[in-house]
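Novice: What follows is a structure written as structure tokens; I'll ask about it next.
The values are calculated or read from the model by the stated rules, or taken from the named source; none is laboratory data. Model, not experiment: these values are computed from the prediction. Positions of Cβ are backbone-derived with ideal geometry, glycine not excepted, and every protein chain shown enters the neighbour counts.
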Amino acid sequence: MVKINNETKTILVIEKDSQVRKHIEEILASEKLSTIATGNGKKGLRLAQEQIPDLIICDRNAAELDGYSVLRKLGEKISTAAIPVILLAEDGERSAWRRAMEMGADDYLIKPIVTEELRNAIAVRLKKQKIYQESTNQELEELRSNITNYLPHELRTPLTGILASSDFLLAELESLDREVIQEMLQCVRFSGERLGRLIKNCSLYWELEQLKNNPDQLKALRDSHTTSAMSVIQDVANKQVRGAKRETDLQLKLEDAGVEIGTSCLAKLLEELIDNACKFSQPGTPICVTSNLKNDRFIVSVSDWGRGMTPQQIATIAPYVQFERQIHEQQGAGLGLAIAQRITELHQGQLLIQSKPTKQTTVQVCLPKFGSKL
């Protein structure tokens with residue numbers, strides 16, 4: 001017998017056969033697990049949404065709403081999508097089992113219920129759920145820590161520049177010549193642009209996060225496309241290197257195509273990748289941007305010969321994370337790659353990073369070619 005580490009866990013049982021339901025309730029009671037039980041799939045779904053159980057055991061042929069429909073409905077709401085589900089069935093046909101797994105079931109047991117088999121399945125699912133919750137809590141704590149450590153600095157730095165420059169102008173305006181005033185105003189504008197971009201990026205990242213849980217908005221986002229990706233790449237690349245005073249470092253080798261991503265999203269994605277390439281490499285070293293078509297995928301690569309990243313750093317890309325900031329002072333809140341990654345994922349693409357520390361980094365974005373999803 002596998003011992004279940006019970007921490008007031010609640011199990012929802014949806015089983016139309018009263019005898020089977022009673023048997024399951026007895027097994028759960030012997031493990032000191034709290035149980036909610038019903039034979040009706042529609043009622044069970046409502047109970048799941050109201051009480052958020054730790055695990056659901058569901059009959060594939062539940063009354064009114066079958067197990068497949070319950071799985072689908074659970075997955076539509078963020079509050080219930082992560083609840084583990086064990087599906088029960090009278091047969092073990094591979095197609096039925098495969099369908100259940102593809103719809104999000106965590107396990108698939110065949111009736112009649114074997115007591116030890118059910119106990120083991122529950123123990124494994126509850127253990128995995130606990131690990132998932134601990135991992136999520138750790139990620140949230142790291143995010144809070146990163147925001148606490150870096151965001152105030154990133155907000156304060158440009159704000160200090162704006163206030164210091166404006167105070168100086170107010171105090172010395174009558175004695176300053178035109179060139180000095182112009183220089184101070186340029187400092188104010190630079191700091192304002194930096195602050196504005198940070199605020200926009202913070203807002204954009206959270207908007208992108210919310211899109212994952214809004215099917216209608218996500219569909220609208222994916223319905224957009226860009227007719228000529230090459231023209232967008234050229235415009236963004238030239239603008240970014242011009243702002244960084246790196247025009248002579250830019251190398252473009254582009255193939256054109258229509259892409260299944262809106263122009264504004266494609267431009268933002270490229271803006272962040274090229275900005276990072278400028279920021280983390282020295283003037284005089286190449287910034288290479290290429291694009292090409294391969295098997296209905298449009299591939300854009302941005303390469304720089306700068307600081308580079310370790311495999312561990314690549315694996316831990318997240319918002320408000322900056323690597324080796326104690327060693328390398330830099331601007332930004334670590335949002336650039338996180339935003340690029342999220343935009344790519346929302347458009348059913350892939351973002352891959354290859355890097356050699358202190359040598360070279362290539363970020364490759366693969367997006368569906370326009371029309372490939374038809």
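Novice: Would you check if LYS77 is part of a loop (DSSP other than H, G, I, E, B), more than 15 Å from VAL13 (Cα to Cα) and basic (Lys, Arg)? Full working, then the answer.
Specialist: Working: part of a loop (DSSP other than H, G, I, E, B): yes; more than 15 Å from VAL13 (Cα to Cα): yes; basic (Lys, Arg): yes.
Yes, satisfied.
Novice: I would also like to ask the following. Given the residues ILE24, ILE36, ILE11, which is the only one that is part of a strand (DSSP E or B) and in contact (Cβ under 8 Å) with a residue 40 or more places away in the chain?
Specialist: Among ILE24, ILE36, ILE11, only ILE11 is part of a strand (DSSP E or B) and in contact (Cβ under 8 Å) with a residue 40 or more places away in the chain.
Novice: Exactly one condition in (1) at pLDDT below 95; (2) in contact with a strand residue (DSSP E or B) (Cβ under 9 Å, 6 or more places away or on another chain) is not met by LEU266; state its number.
Specialist: (1)
Residue-wise test of (1) at pLDDT below 85; (2) assigned to a strand (DSSP E or B); (3) in contact with a Phe, Trp or Tyr (Cβ under 9 Å, 6 or more places away or on another chain); (4) on the phi > 0 side of the Ramachandran plot.
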residue	(1), (2), (3), (4)
TRP206	yes, no, no, no
ASN213	yes, no, no, no
LEU218	no, no, no, no
LEU221	no, no, no, no
VAL236	no, no, no, no
LYS239	no, no, no, no
GLN251	no, yes, no, no
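Novice: Could you give every pair whose Cβ atoms fall below 8 Å, whose first residue belongs to segment 153-181 and is more than 16 Å from ILE199 (Cβ to Cβ), and whose second residue is in a loop (DSSP other than H, G, I, E, B), counting only separations of at least 6 or pairs across chains?
Specialist: LEU169/LEU176
Novice: Looking at this structure, is ALA48 assigned to a helix (DSSP H, G or I) and within 30 Å of GLN210 (Cβ to Cβ)?
Specialist: yes
Novice: Hey, another quick one. If you scan segment 275-295, which residues turn out to be in contact with a strand residue (DSSP E or B) (Cβ under 6 Å, 6 or more places away or on another chain), buried (at least 17 other Cβ atoms within 10 Å of the Cβ) and not in a loop (DSSP other than H, G, I, E, B)?
Specialist: If the condition is that a residue be in contact with a strand residue (DSSP E or B) (Cβ under 6 Å, 6 or more places away or on another chain), buried (at least 17 other Cβ atoms within 10 Å of the Cβ) and not in a loop (DSSP other than H, G, I, E, B), then ALA277, ILE287, CYS288, VAL289, THR290, SER291 are the ones that fit.
Novice: Only residues in segment 241-261 that are in the same structural domain as ALA277 (by TED's automatic domain parsing) count as the first member; pair them with residues that are among the hydroxyl-bearing types (Ser, Thr, Tyr) and part of a helix (DSSP H, G or I), Cβ under 8 angstrom, at least 6 apart or cross-chain, and list the lot.
Specialist: From residues that are in the same structural domain as ALA277 (by TED's automatic domain parsing), the pairs are ASP256/SER231.
Novice: Looking at (1) modelled with pLDDT of 95 or more; (2) on the phi > 0 side of the Ramachandran plot, which one does LYS245 not meet, given that it meets all the others?
Specialist: So LYS245 meets the others, but not (1).
Novice: Before we move on, is LEU173 of a type outside the set (Val, Ile, Thr) and surrounded by fewer than 16 Cβ atoms within 10 Å (Cβ to Cβ)?
Specialist: Numbers: of a type outside the set (Val, Ile, Thr): yes; surrounded by fewer than 16 Cβ atoms within 10 Å (Cβ to Cβ): yes.
Spelling it out, LEU173 is indeed of a type outside the set (Val, Ile, Thr) and surrounded by fewer than 16 Cβ atoms within 10 Å (Cβ to Cβ).
Novice: If you take the residues of segment 10-30 that are among the β-branched types (Val, Ile, Thr) and more than 36 Å from the chain's Cα centre (by Cα), which of them is farthest from LEU87 (Cα to Cα)? Steps first, answer last, please.
Specialist: Taking segment 10-30 as the starting set, the residues that turn out to be among the β-branched types (Val, Ile, Thr) are 10-11, 13-14, 20, 24, 27.
The next check asks that each one be more than 36 Å from the chain's Cα centre (by Cα); those that pass are 20, 24, 27.
Values: VAL20: 13, ILE24: 13, ILE27: 16 Å.
Here the answer is ILE27.
Novice: Considering only segment 80-107, state which residues are over 26 Å from the mean Cα position of the chain (by Cα), of a type in the set (Gly, Ala, Ser) and part of a loop (DSSP other than H, G, I, E, B).
Specialist: GLY92
Novice: If you don't mind, another one. Please go through segment 194-207 and pick out each residue that is of a type outside the set (Gly, Ala, Ser) and either free of Cβ contacts under 8 Å to residues at least 12 places away in the same chain or assigned by TED's automatic domain parsing to the domain that holds CYS265 (or both).
Specialist: Scanning segment 194-207 gives ARG197, ILE199, LYS200, TRP206, GLU207.
Novice: Okay, next question. Enumerate the pairs (first residue in segment 287-310 and not assigned by TED's automatic domain parsing to the domain that holds ASP235 and modelled with pLDDT under 95; second residue anywhere and surrounded by 17 or more Cβ atoms within 10 Å (Cβ to Cβ) and in a strand (DSSP E or B)) with beta-carbon separation below 8 Å, excluding pairs fewer than 6 apart on the same chain, so at least 6 apart or on different chains.
Specialist: Pairs that qualify, where the first residue is not assigned by TED's automatic domain parsing to the domain that holds ASP235 and modelled with pLDDT under 95 and the partner is surrounded by 17 or more Cβ atoms within 10 Å (Cβ to Cβ) and in a strand (DSSP E or B): there are none.
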